Every structure is written in C-alpha cells, then in structure tokens.
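The values are calculated or read from the model by the stated rules, or taken from the named source; none is laboratory data. Bear in mind the structure is a predicted one, so any value in this text is a computation, not a measurement. Because the Cβ atoms are built from the backbone with ideal geometry, glycine has one as well, and the counts that use them run over all protein chains shown. Protein only, heavy atoms only, side chains kept; ligands, DNA and RNA dropped before computing areas. Shrake-Rupley method; radii C 1.70, N 1.55, O 1.52, S 1.80 Å.
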Amino acid sequence: MLIRNACLPDGRRGIDLLVQHGRIAALAPALPAPEDVTEIDARGWLLSPPFVDAHFHMDATLSYGLPRINVSGTLLEGIALWGELKPQLTQDALVERALRYCDWAVAQGLLAIRSHVDVCDERLLAVDALLHVKERVAPYLDLQLVAFPQDGLLRSAGALANLKRALDRGVEVVGGIPHFERSMAEGAESVRLLCELAAARGLRVDMHCDESDDPLSRHIETLALHTQRLGLQGRVTGSHLTSMHSMDNYYVSKLLPLLHESGVHAVANPLINITLQGRHDSYPKRRGMTRVPELMAAGVNVGFGHDCVLDPWYSLGSGDMLEVAAMGLHVAQMTSQQGMQQCFDAVTVNNARILGLQGYGLEVGCRADFVLLQARSPVEAIRLRAPRLLVVRGGHVLARAPERMVTLDLPSRPGGVDFTLPLHASR
Ligand code: FE2
C-alpha cells in the first residue's frame with residue numbers, strides 16, 4: 001500500500017507513506033512506487049497514528065438504563081447502580097456489548113483501549129467475558145485489561161483474592177480505588193499492597209485515584225511514593241486525579257515535581273468528570289478535571305480517557321476520541337495553538353506511552369497502523385470531529401468512509417459546503 005500526499009500531525013505536507021509487510025517502510029515526499037502496490041490518494045488530508053484510549057470500562061459499556069437510570073448523576077449512585085446490575089449480567093450480553101463497542105471504536109480510528117474490568121464478583125464473569133473479547137478483537141484492536149476492585153480492595157470481602165485470580169487468568173494491569181476504601185489510611189494501605197503486587201509480578205499499575213472533590217484526598221502522593229520505592233517509574237498511572245482540582249495551590253506546587261520525579265502518568269477523563277464532579281457544590285460549581293496544563297508543564301505525561309459510554313455513569317458517548325479531546329480542551333481552557341495540539345497528543349501518542357504500545361507512531365519501522373482524517377491539522381480534526389476516511393491496521397484497511405460534503409440549495413451560493421479552512425488558516 002502506498003498513501004500519496006498526506007499531511008502529518010507535526011505539520012509536514014505532501015508526504016507519501018509506503019507499507020511493506022505490515023510496517024511503515026518509507027515516509028517522504030514523492031516516493032517511487034514499487035510494482036503491484038495499491039496507491040491511495042490522501043488528497044492532502046491528515047494522516048495520524050490511531051487514537052488510543054487510556055481509560056475505559058468495557059464491562060459496563062452500552063448498559064445504559066439497565067436496570068435503571070442514574071437519577072442524581074453522581075459517581076456514588078453510579079457505583080450503586082452498577083452493583084444492582086452485576087447479579088443480572090450474563091457472559092453473552094457482556095461479550096455482545098463489548099464487541100459492539102469495539103466496532104464503534106474501529107470505525108472511529110480507535111485501535112487501542114485500556115479497559116478496567118471489575119473483579120469484585122466471585123464468578124469473575126466480566127473478567128472471563130473481556131478476556132474472550134480481547135482474543136476476538138486482537139487482529140484489529142489492542143485491548144489491555146486492568147483488574148479493578150470497584151467496591152474497594154480492602155472494603156469488599158474477597159476483592160484481593162479475586163483480583164489475584166483475575167491476574168492469573170491473564171489480566172495484565174493492576175488497578176485500585178483508594179478513595180473508595182473505608183478510610184484514608186486503608187486507601188493508602190491498598191495503594192501499597194497493589195504496587196507491591198504489581199512489582200512482584202512485573203506488571204503495570206493503573207489506579208482510579210482521588211476521584212472526588214475532596215481537597216484532602218491525596219492518594220496520588222502515596223502512589224508516587226511507592227512507584228519510586230519499588231522502581232516502577234514509567235509503569236504506573238494515576239487515573240482521574242480530580243481532587244487535584246480542589247487542592248491547595250502550595251501543596252500542588254510540591255506534588256507536581258514529585259509526580260514528574262516518580263514517572264507517574266496521569267489520565268484525565270474530561271467527559272465524565274465534568275458531569276460527575278462538583279455535584280455537592282451550589283455555585284460556583286467546580287470543574288471536575290485534574291490540572292492538565294500544569295501537569296504537562298511539569299513534565300508529566302498526561303492522557304485523556306473516554307472512561308464511559310452509555311453506562312451507569314454517563315448517558316452519552318460513541319467512542320470518538322476527538323470528542324474527548326474537545327471536551328478536555330474546553331474544560332482545561334487549553335485554547336492556544338500549542339494547547340490544542342497537546343489535546344490531540346493526549347488521545348494519541350501520550351496514551352500510547354501509558355499503555356506501553358510497541359511500534360506505535362508514524363515513523364519508518366513502526367506498525368502500519370493509521371487513520372486518515374478529513375482535516376488539514378490536528379486542531380482542525382478536533383474542531384470538526386473530522387470524518388475518519390480510512391482506518392488501517394498492519395497495512396490492512398479496516399474501515400472506510402466518504403468525505404463529508406453538504407450541498408446547499410441556495411441559488412445565490414452554488415456548490416457544496418466545505419467546513420475545512422484554507423491552508424493558511426488551518427495551521
Ligand atoms: Fe474510570
């Protein structure tokens with residue numbers, strides 16, 4: 001396959017990309033065409049590495065309304081509602097919903113997902129279902145699973161044993177939820193236990209951490225401490241971190257360098273936390289997102305996750321990481337050119353680092369995984385939630401869509417409407 005005339009996220013234009021044996025063999029202007037190659041004209045559109053979601057819950061997705069709808073809209077009612085649904089879950093229904101979501105993901109150029117899977121269930125029904133799904137989708141989507149003790153590692157009877165059983169069955173990342181344990185001390189103890197477990201097994205860690213509006217919820221500090229102590233730098237992620245929004249500024253000025261020093265990744269989930277957090281406030285209502293630009297400025301790798309789609313916590317969503325980037329950009333007020341570009345990175349390269357994906361990127365030797373977007377730049381892709389014209393994995397086309405074009409019926413303005421901007425304006 002030879003892609004002709006694409007632009008790249010770093011601003012290069014008129015680039016050709018040659019695929020051989022499932023890898024990127026060349027990337028340069030005006031490449032000579034080998035024999036028998038299929039040429040695809042990118043027409044100047046943006047060729048990007050695929051979207052990556054660093055934080056999702058595939059066991060709950062597409063269950064909206066089962067067995068009822070979250071009335072208060074809070075995280076805690078969502079957890080209670082999920083608890084009501086759990087006994088009614090069946091393996092077939094879990095698999096069917098997850099596979100359907102993976103179809104949506106692929107159609108939108110989302111080819112790698114880290115999903116938490118609830119292990120607080122003696123049957124480990126969701127674990128087995130998602131391990132099956134992981135195998136089914138492996139030819140076209142990387143699904144990385146996190147053993148997540150939703151009801152608390154220490155608070156929920158049997159959670160630690162179930163979590164270990166899930167790891168034994170092939171779940172590859174250790175999860176946690178320290179802010180949901182019974183006390184701050186037990187939360188800290190759960191972080192220690194889980195980090196030690198991960199270190200002993202050579203696994204990565206990704207914890208739901210401080211997902212509250214409590215300025216004193218400081219498990220991220222404990223997570224950074226144990227990451228350093230156990231030599232887990234680069235392998236640990238703190239997800240949500242919403243309490244950082246409410247923390248004292250002086251304390252944060254100490255915390256940010258600590259996070260950088262310990263090599264902890266951060267994941268914000270803007271769509272979910274802008275709706276879940278601040279629910280106990282009257283006005284002004286706090287924004288429910290961690291301090292993304294400040295974390296990035298401190299040198300911390302920050303990704304954005306979708307977190308939920310049509311489940312007990314979120315009633316919308318479609319697997320579109322450009323929607324996630326757009327919400328993150330707005331909530332964090334990252335409206336500068338650099339800020340908007342960073343939001344695109346937060347749903348592509350930054351998330352790939354969090355998952356530890358090998359061979360990811362648009363460079364010679366990388367896997368030939370990419371998506372062609374009907375936009376001239378990453379910023380324009382976010383602005384337009386650009387159509388995904390072509391989704392390719394290992395050199396094989398997984399999805400195609402026509403260019404979006406609307407024809408107006410205005411006699412004084414003949415022709416179609418093109419929402420992209422002239423080149424000079426789209427930079
Ligand atoms: Fe989550």
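Taking the Cα centre of the stretch 51-355 as the origin, how large is its charge dipole in debye, to the nearest 20, when only Lys and Arg (+1) and Asp and Glu (-1) carry charge on their Cβ atoms?
Details: 26 positive and 35 negative charges, 71 e Å.
About 340 debye.
In the neighborhood of Tyr64, defined by Cβ-to-Cβ distances under 15 Å, what is the net charge if each Lys or Arg adds +1 and each Asp or Glu adds -1? Please report the intermediate quantities before stating the final value.
Working: positive: Arg68, Arg97, Arg100; negative: Asp59, Glu77, Glu84, Glu96, Asp307, Asp311.
Around Tyr64, the surrounding residues sum to -3.
Can you give the FRET efficiency to the nearest 0.05 for Lys285 and Glu196, using r as the Cβ-Cβ distance and R₀ = 30 Å? Don't skip to the answer; put the middle values down first.
Numbers: r = 38 Å, r/R0 = 1.28.
So the FRET efficiency works out to roughly 0.20.
Between Leu75, Leu141, Leu31, which gets the highest mean-square fluctuation from a Gaussian network model of the chain, Cα cutoff 10 Å?
Leu31
So what are the ³J(HN,Hα) numbers for the stretch 219-227, from phi and the Karplus equation (6.51, -1.76, 1.60; θ = phi - 60°), rounded to whole Hz, Gly and Pro as x?
5, 4, 4, 5, 4, 5, 4, 6, 4
At 25 °C and 0.890 mPa s, what whole-number value in µm²/s does Stokes-Einstein give for the translational diffusion of the stretch 51-355, with Rh from the Kirkwood sum over Cα pairs? Before the final figure, lay out each step's value.
Working: Rh = 18.9 Å.
Answer, rounded: 130 µm²/s.
Give me the net charge for the shell around Ala126: Cβ to Cβ below 14 angstrom, other residues only, Lys and Arg +1, Asp and Glu -1.
Details: positive: Lys86, Arg97, Arg123, Lys134, Arg165, Arg169; negative: Asp59, Asp92, Glu96, Asp118, Asp121, Glu122, Asp128, Asp151, Asp311.
Once positives and negatives cancel, what remains is -3.
So if R0 is 45 Å, what FRET efficiency would Glu172 and Arg413 give, r being the distance between their Cβ atoms, rounded to the nearest 0.05? Spell out each step's value before the answer.
On the way: r = 55 Å, r/R0 = 1.23.
Given R0 = 45 Å and the Cβ-Cβ separation, E is 0.25.
Could I have the simple spin-label model distance between His132 and Lys164, label points 7 Å from Cα toward Cβ, reported in nm to one decimal?
Label at His132, label at Lys164, 2.7 nm between them.
Please state the charge dipole magnitude for the stretch 181-264, taken about the Cα centre, from unit charges on C-beta atoms (+1 on K and R, -1 on D and E), reported in debye and rounded to the nearest 20. Please list the in-between numbers first.
On the way: 8 positive and 12 negative charges, 85 e Å.
It comes to approximately 420 debye.
Accessible area per residue of the stretch 51-355 at 1.4 Å probe, in Å²?
35 Å²
Between His396 and His260, with labels modelled 7 Å along Cα→Cβ, what's the label distance in nm to one decimal, could you check?
Using points 7 Å along Cα→Cβ, the separation is 4.4 nm.
Given the options Met247, Met58, Met289, state which has the largest fluctuation in a GNM of the chain using a 10 Å cut-off (strictly under) for Cα springs.
The residue with the greatest mean-square fluctuation here is Met247.
Return the carbon/sulfur percentage of the accessible area of the chain, one whole number, probe 1.4 Å, all protein chains in place. All intermediate terms of the calculation are to be shown ahead of the outcome.
On the way: 9250 of 17180 Å².
With neighbouring chains kept in place, the figure for the chain is 54 percent.
At 7 Å along Cα-to-Cβ for each site, give me the label-to-label distance between His330 and Gln91 in nm.
4.2 nm
What residue among Arg123, Arg279, Arg23 has the largest mean-square fluctuation in a Gaussian network model of the chain, using Cα springs under 10 Å?
In the Gaussian network model the winner is Arg123.
Tell me, how many Å apart are the Cα centres for the stretch 366-427 and for the stretch 217-278?
With the stretch 366-427 and the stretch 217-278 each reduced to a Cα centre, they are spaced 36 Å.
Checking the cross-link filter: which lysines have an alpha carbon closer than 28 Å to that of Lys86, excluding same-chain neighbours under 8 positions apart?
Lys134, Lys164
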